[in-house]
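S.K.: Here's a structure for you.
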Amino acid sequence: MRELTQRQKDVASFISTFIKQNNYAPSVRDIADHFKFSVKAAHDHLKALEAKQVIKTTGGISRSIEVIGQEFFPREEMIQVPLIGSIAAGTPLMSEENTEYMLNLPATMLKNTRNTYFALKVRGESMIEEGIYDGDIAIIKKCDVADTGEIIAATVGEDEPGITLKAYYPSNGYIELRPANSSMGPIITRSCKIHGKLFLLIRTYA
């Protein structure tokens, strides 16, 4: 039986509650701010909890804390989904290639399937008529093909490396990436790289 100090229990409880409320893990700064101690002290507590196999982290990735000590925190099984930059929901923008942080989502929400999803943050208003708004987090199911009318995350051309979220309409050798905003026109291209199809949206209300 792993023995935790009271402070370690408090930190672990905060991590577990934070993940449930936000669907992603707290940063070291979040922990330090909550308990009003230094970042170094927060880091030391995390190292102690990891040594006691209460949590695990992925080196070099922010917000990668995962609770594994289930006897301390009974909870629904969670799946980590990487958030890897931003979608341009208007004109394509450059998106970061590296993981910003990990989202923790209930396994049942993702049909208990691991390693088949990634997340992107929506920017712009080109899909508002489909109920997709600036600031939403889009959960994308990985694939490289799509049916007509499906909403996809795609890269258009080598000169526009950003990822855009649009409805997919191929026709006569061209591909129309159609927005859901009557004030905006489509992107017409001969080719695009499909990274996945929209699976679900996460929205936070202030």
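S.K.: Across the range 102-130, which residue is surrounded by the fewest Cβ atoms within 10 Å (Cβ to Cβ) among those that are within 27 Å of S27 (Cβ to Cβ), modelled with pLDDT of 85 or more and among the charged types (D, E, K, R)?
M.R.: In this case the residue turns out to be K121.
S.K.: Within the range 18-38, identify whether any single residue is part of a loop (DSSP other than H, G, I, E, B) and among the aromatic types (F, W, Y), and answer yes or no. Can you show your working first?
M.R.: Step one: of the range 18-38, the residues part of a loop (DSSP other than H, G, I, E, B) are 23, 25-27, 36-38.
Checking the rest, the ones that are also among the aromatic types (F, W, Y) come to 37.
For the range 18-38, residues part of a loop (DSSP other than H, G, I, E, B) and among the aromatic types (F, W, Y): present.
S.K.: For the range 144-158, does any single residue satisfy the condition of being part of a loop (DSSP other than H, G, I, E, B) and without any contact (Cβ under 8 Å) to a residue 12 or more places away in the chain? Give the derivation first.
M.R.: Going residue by residue through the range 144-158, those that are part of a loop (DSSP other than H, G, I, E, B) are 144-150, 156-158.
Okay, now just the ones that are also without any contact (Cβ under 8 Å) to a residue 12 or more places away in the chain, so 158.
Checked the range 144-158: at least one residue is part of a loop (DSSP other than H, G, I, E, B) and without any contact (Cβ under 8 Å) to a residue 12 or more places away in the chain.
S.K.: Residues to consider are K47, K20, K36, K40; find the one that is surrounded by fewer than 20 Cβ atoms within 10 Å (Cβ to Cβ), in contact (Cβ under 8 Å) with a residue 40 or more places away in the chain and not aromatic (F, W, Y). Working first, answer last.
M.R.: Numbers: K47 fails: in contact (Cβ under 8 Å) with a residue 40 or more places away in the chain; K36 fails: in contact (Cβ under 8 Å) with a residue 40 or more places away in the chain; K40 fails: in contact (Cβ under 8 Å) with a residue 40 or more places away in the chain.
That would be K20, the only listed residue that is surrounded by fewer than 20 Cβ atoms within 10 Å (Cβ to Cβ), in contact (Cβ under 8 Å) with a residue 40 or more places away in the chain and not aromatic (F, W, Y).
S.K.: Moving on. Tally up the residues in the range 1-54 that are among the hydroxyl-bearing types (S, T, Y) and modelled with pLDDT of 90 or more, please. Full working, then the answer.
M.R.: In the first step, residues of the range 1-54 are kept if they are among the hydroxyl-bearing types (S, T, Y); the result is 5, 13, 16-17, 24, 27, 38.
Filter again for modelled with pLDDT of 90 or more, leaving 27, 38.
Residues flagged as among the hydroxyl-bearing types (S, T, Y) and modelled with pLDDT of 90 or more within the range 1-54 amount to 2.
S.K.: Going through the range 161-206 one residue at a time, which ones are among the hydroxyl-bearing types (S, T, Y) and part of a loop (DSSP other than H, G, I, E, B)?
M.R.: To start, the set of residues in the range 161-206 that are among the hydroxyl-bearing types (S, T, Y) comprises 164, 168-169, 171, 174, 182-183, 189, 191, 204-205.
Result: S182, S183, S191, T204, Y205.
S.K.: Let me ask something else about it. Considering each of I175, I151, I137 in turn, give the residue that is outside the structural domain of Q21 (by TED's automatic domain parsing), at pLDDT 95 or above and closer than 21 Å to L103 by Cβ. Lay out the reasoning, then the answer.
M.R.: Values: I175 fails: closer than 21 Å to L103 by Cβ; I137 fails: at pLDDT 95 or above.
Within the list I175, I151, I137, the selection yields I151.
S.K.: OK, next. Looking at the range 81-101, which of its residues are crowded, with 22+ Cβ neighbours inside 10 Å, more than 15 Å from N181 (Cα to Cα) and either of a type outside the set (A, V, I, L, M, F, W, C) or at pLDDT below 85 (or both)?
M.R.: Within the range 81-101, I87, P92 qualify.
The values are calculated or read from the model by the stated rules, or taken from the named source; none is laboratory data. On a predicted model such as this, the values are computed, not experimentally measured, just so you know. In this analysis, Cβ positions are derived from the backbone assuming ideal geometry, glycine residues included, and neighbour counts consider all displayed protein chains.
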